[in-house]
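Q: Below you'll find the structure I mean.
The values are calculated or read from the model by the stated rules, or taken from the named source; none is laboratory data. Not measured: the values here are computed from a predicted model. Here the Cβ is made from the backbone with ideal geometry for all residues, glycine too, and neighbour counts use every protein chain on show.
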Amino acid sequence: MQNPRLASRYAKSLIDLAQELNQLEVVHTDMLFLQQVMKSNPDVVSLLKSPIIKADKKQKILAAVLAGRVGTTSITFLNLLVSKGRESVLPQIATEFSRQYMVLKNISPVKITTAVAIDAATLDVIKQKIASESTQQIQLEAAVNADLIGGFVLEANDQLFDASILRDLKDIKQQFNKNIYVSDIR
C-alpha cells in the first residue's frame with residue numbers, strides 16, 4: 001500500500017535522529033544498501049509485507065540478515081518499524097530518506113540517457129557544464145537506451161530535455177500524420 005505521507009514522516013524522523021547522533025552519512029549509506037537489497041531481492045519485500053509472519057520473527061530475520069552490514073541506528077529504526085507494524089512501508093521510507101537527504105545536502109540528481117555508453121571524461125565534462133549552470137551539487141547518473149538511436153535525454157529538477165533522434169522521428173511522424181498539405185486539384 002502506497003502511503004507517501006507516512007513514508008515522509010518516518011524519513012524525516014530518521015534524518016533528525018541521525019543528525020542528532022552525528023550519524024547522517026552512516027544512516028544514508030544504510031538506506032541506500034536497504035534500497036539495493038529490496039530492489040535486487042523481492043523476497044525481502046514479500047517478507048516485510050507478509051501478515052502471516054509475526055513481528056518478532058521479522059525482527060530476528062532482519063537482524064540476522066543485516067548484522068554487520070547496517071549500523072545500530074538503522075537496526076533500531078527497523079525494529080521500531082516492525083513493532084509499529086509499518087515494515088511494509090520500508091521501501092518508500094528508504095526512497096524518501098534518500099530524497100530528503102539530497103535536499104538537505106543541496107544535491108541535485110541528474111540522469112542522462114544515451115543510445116551508447118558515455119566514457120568517464122565525457123561524463124565529467126557534462127557534469128561540469130551542468131554544475132556551472134546550477135547552485136547545487138550534481139549527482140550524475142548515466143543510463144543507456146539503444147531505442148534513442150542517437151542524441152541524449154537529460155532529466156534534472158523535474159525537467160526533461162529530449163535531444164534524441166527517436167524524439168525527432170516521432171515529431172516527423174506526427175507532422176506527416178497531420179497531413180498539412182492537402183491538394184486543391186480536382
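Q: Can you pull out every residue in the range 1-28 that is among the polar types (S, T, N, Q) and in contact (Cβ under 8 Å) with a residue 12 or more places away in the chain?
A: GLN2, ASN3, SER8, GLN23, listed by residue number.
Q: With the checklist (1) more than 23 Å from LYS39 (Cβ to Cβ); (2) free of Cβ contacts under 8 Å to residues at least 24 places away in the same chain in hand, flag the one item VAL103 doesn't pass.
A: The one condition VAL103 does not meet is (1).
Q: Could you list, in sequence order, all residues of the range 143-152 that are in a strand (DSSP E or B) and over 30 Å from LYS12 (Cβ atoms)?
A: VAL144, GLY151, PHE152
Q: I've got another one for you. Among the residues in the range 112-132, are any modelled with pLDDT of 95 or more, hydroxyl-bearing (Ser, Thr, Tyr) and not in a helix (DSSP H, G or I)?
A: For the range 112-132, residues modelled with pLDDT of 95 or more, hydroxyl-bearing (Ser, Thr, Tyr) and not in a helix (DSSP H, G or I): present.
Q: Among the residues of the range 80-92, are any surrounded by 14 or more Cβ atoms within 10 Å (Cβ to Cβ), within 30 Å of PHE152 (Cβ to Cβ) and free of Cβ contacts under 8 Å to residues at least 40 places away in the same chain?
A: No, every residue in the range 80-92 fails to be surrounded by 14 or more Cβ atoms within 10 Å (Cβ to Cβ), within 30 Å of PHE152 (Cβ to Cβ) and free of Cβ contacts under 8 Å to residues at least 40 places away in the same chain.
Q: Are there any pairs with C-beta distances below 7 angstrom linking a residue in the range 153-170 that is over 14 Å from ILE126 (Cα atoms) to a residue that is part of a helix (DSSP H, G or I), with the two at least 6 apart or on different chains, and if so which?
A: Going by the 7 Å Cβ cut-off, the qualifying pairs are SER164/LEU148; ILE165/LEU148; LEU166/ASP147; LEU166/LEU148.
Q: I've got another one for you. Restricting the first residue to the range 107-121 and requiring it to be in contact (Cβ under 8 Å) with a residue 12 or more places away in the chain and hydroxyl-bearing (Ser, Thr, Tyr), which pairs with a second residue that is in a strand (DSSP E or B) and surrounded by fewer than 17 Cβ atoms within 10 Å (Cβ to Cβ) meet a Cβ separation below 6 Å and a spacing of at least six or different chains?
A: Close Cβ pairs (under 6 Å, with a partner that is in a strand (DSSP E or B) and surrounded by fewer than 17 Cβ atoms within 10 Å (Cβ to Cβ)) amount to THR113/ALA143.
Q: Which one of these is among the charged types (D, E, K, R), part of a loop (DSSP other than H, G, I, E, B) and either surrounded by 17 or more Cβ atoms within 10 Å (Cβ to Cβ) or within 22 Å of the chain's Cα centre (by Cα) (or both): ARG9, ARG5, ARG69?
A: ARG69
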